[in-house]
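Reading through the structure tokens given below for one structure.
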Amino acid sequence: QRLADFFDENRMAQRLSSAADKLKALQRGDGSWSWWPEMPGSTYMTMSVAEMMVRQNAMLGTQAETKQMLSGAFKFLGKEMVEMVKEMKKQEKKGYKQFFPGNTALEWLYICKLDGRQLPANVKEANDYLIKLLKKETKNQTIYQKAVSAIILDSPLYIKSLKEYTNR
């Protein structure tokens, strides 16, 4: 009976709506989420919540409850990524070789790919810079990073390489 209740469409919709209401109450004015109510917004926490919402929307179709929250989260995260890339470019001008910055940027590019929304020009430019670095950094990635990169890059050659890697 409990398993049947879990998959009941009305109850599932109720649970999703209730969770969305709770998340909406926890979202800060700048579009971010924090670890605790009194703390400043967290890129990590915002990225995690946004990724789950984007995945939910990919499976169930865009949900009205998440649309506004995701817009705020994308605004916050886009600003964070633009600042990160700006700092990377400063370091590059000083002669430092730039490498792909890691999981935060990878996760950001992943949710952008899944969501498919139009991004402001400055965020798109930052994403293009990160994608350029990502294409150069494929050899030292974990299997998870390779899988996510395959989705982001949507490259048949990269997907073939990933399949070969997993068949070892």
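The values are calculated or read from the model by the stated rules, or taken from the named source; none is laboratory data. As the structure is a computational prediction, the values presented were derived from the model and not from experiment. So basically every Cβ, Gly included, is an ideal-geometry build from the backbone, and we count neighbours across all protein chains shown. The protein model used for the area step is the full one, side chains on, heavy atoms only, and it has no ligands, DNA or RNA in it. Shrake-Rupley method; radii C 1.70, N 1.55, O 1.52, S 1.80 Å.
A few comments on the model shown:
- Amide H contacts of Ser42 (H built 1.01 Å from N, in plane; Pro and chain starts excluded): Trp33, Ser34, Trp35 sit under 5 Å, all sequence-distant by 5 or more or on other chains.
- Sorting 10-23, 115-128 by average packing, meaning the other beta carbons within 10 Å per residue, from highest down gives 115-128, 10-23.
- Acute angle (nearest 10 degrees) that the helix 121-136 long axis makes with the longest principal axis of the chain, alpha-carbon atoms: 60 degrees
- Size descriptor, Kirkwood hydrodynamic radius, that averages inverse alpha-carbon separations across the chain, Å: 17.7 Å
- Label separation (Tyr165 vs Tyr144): 1.4 nm, computed from points 7 Å beyond Cα along the C-beta direction.
- Long pairs among Lys24/Lys67; Lys97/Lys132; Lys90/Lys113; Lys89/Lys136, criterion Cα-Cα beyond 19 Å: Lys90/Lys113
- Solvent-accessible surface (1.4 Å probe) assigned to Met84 amounts to roughly 50 Å².
- For the chain, the longest principal axis of the Cα atoms and the long axis of helix 43-60 meet at an angle of about 60 degrees.
- Volume of the Cα convex hull of segment 74-168, divided per residue and given in Å³: 93 Å³
- Degrees, to the nearest 10: 156-166 long Cα axis against longest axis of the chain: 80 degrees
- A run of the chain free of exposed loop cleavage sites, with chymotrypsin sites (Phe, Trp or Tyr not before Pro) counted only in DSSP states other than H, G, I, E and B and at most 14 other beta carbons within 10 Å, reaches its longest extent at 100-168.
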